[in-house]
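This report refers to the structure that appears directly beneath it.
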Amino acid sequence: MSRIDNRKSQLQIPPPNVVVLGSINMDVMIRCATLPRRGQTISGSSSHEVCGGKGANQAVAAAKAGGSVRMIGRVGDDAFSQRLVTNLVEHRVDSQSVRKTPHCASGLAIVAVEDSGENSILLVAGANGCLTFEDANDCRDAITTSDVLLMQLEVPTATVLAAAQIARDAGVRCILDPAPVPHDWTDRLLEVDLICPNETEAGEITGVSIETIADAEEAARQLHRRGAKNVVITLGARGTLLFAGGRCQHIEPIPIQAIDTTAAGDAFAGALAVRWAECDDLVDAVNFASAAGAFAATNEGAQPSLPTRTEIEALRTTP
């Protein structure tokens with residue numbers, strides 16, 4: 001245990017306050033042998049409904065990783081809305097800033113997962129598209145008194161930019177998971193303390209085709225030049241590329257047999273936010289987050305696959 005961790009234990013410092021602004025969806029999970037090609041109809045082997053959305057997933061991931069978490073988002077007034085809010089509460093996520101949108105459906109994702117663990121997702125924004133600047137501004141106190149603001153891009157870009165500005169003005173650390181990359185992309189989104197795309201998203205933003213670690217380094221340096229203070233690019237089975245302090249570092253992956261990668265990135269982002277707030281060491285935080293992402297990929301579903309603090313620590317200490 002590090003000196004920082006010893007001191008935190010001795011003084012019983014409370015868990016970091018993490019505010020997550022983002023999407024809340026109901027995920028309809030469909031299992032299949034292979035993902036369908038364009039125009040192809042295939043038979044699935046099973047289907048079930050799971051509470052999800054990148055924002056809600058990351059909020060639950062952060063809570064299970066040891067954070068004190070508050071969610072800012074919207075649900076509709078349909079049959080899914082109460083289930084989605086209740087699910088957050090059951091995972092110890094403060095949902096007082098989750099608002100119900102009248103005459104609107106909640107966000108919905110159709111997630112096809114093939115036997116290899118890879119997935120394909122069809123997303124309908126629903127009430128997530130109604131999250132506004134006013135919603136972010138109404139939660140100004142929660143954002144400015146937090147340790148870290150964590151966001152994604154399944155809600156309007158303008159709302160994300162507004163929340164990031166509130167955090168920036170207050171000196172609050174801001175992390176952006178730029179997924180999915182929006183059609184209205186602006187480099188103003190890079191004005192954050194940390195951006196954590198996967199290799200596909202990093203390629204979309206930079207135009208760099210990431211085939212090697214060197215390609216990932218080139219993309220990370222470009223993201224830094226364009227505004228991001230620090231960059232973490234997840235590379236799946238090849239591990240993670242971290243750019244911090246003016247240099248790149250490749251962090252090896254944790255060997256696993258992937259079953260379902262649906263929420264691996266969300267587990268990574270939620271755990272990263274918590275650990276970085278705790279230790280202020282990005283290398284340590286990325287190692288912690290990598291264990292969280294690896295654990296999630298070895299289990300089915302989105303939120304059901306997210307690991308607890310104990311499960312993360314157990315995996316990261318496995319030789």
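Computed over the stretch 139-201, the P(r) curve from all C-alpha pair distances, binned at 5 Å from the origin, holds 4, 19, 33, 24, 13, 6, 1 percent per bin.
A protection proxy built from the mean count of other Cβ atoms within 10 Å ranks the segments 210-219, 32-41, 288-297, most packed first, as 288-297, 210-219, 32-41. Note on the stretch 115-240: Rg/Rh from C-alpha atoms, Kirkwood Rh, equals 0.99. For a quick check: sort Lys100, Lys64 by the number of other beta carbons within 10 angstrom, fewest at the front. Fewest to most other Cβ atoms nearby, the residues stand as Lys100, Lys64. Ordered by the number of other Cβ atoms lying within 10 Å of each residue's own Cβ, fewest first, Ser120, Ser46, Ser97, Ser305 fall into the sequence Ser46, Ser120, Ser97, Ser305. Size check on the stretch 184-319: the Cα extents along the three principal axes, sorted descending, read 37, 29, 29 Å. Of the two radii for the chain, the radius of gyration is 0.94 times the Kirkwood radius, both from the alpha carbons; that is the Rg over Rh value. Considering all C-alpha pairs of the stretch 27-82, those separated by over 15 Å amount to 65%. In the stretch 257-309, one over the average inverse separation of all distinct C-alpha pairs is 10.6 Å, which is the Kirkwood hydrodynamic radius.
Dividing the C-alpha radius of gyration of the stretch 1-144 by 2.2 N^0.38 Å, with N its residue count, gives 1.25.
Give me the percent relative contact order of the chain, please, defined on Cα pairs under 8 angstrom at least 6 residues apart. Could you put the intermediate results ahead of the total?
On the way: 742 pairs, mean separation 55.0, N = 319.
Relative contact order of the chain: 17 percent.
Every number in this text was worked out from the coordinates using simple rules, so none of it is lab data. The structure presented is a predicted model; accordingly, all values stated were derived computationally and were not measured. Heads up, the Cβs are rebuilt from the backbone with ideal geometry, glycines too, and the neighbour counts pull from every protein chain shown.
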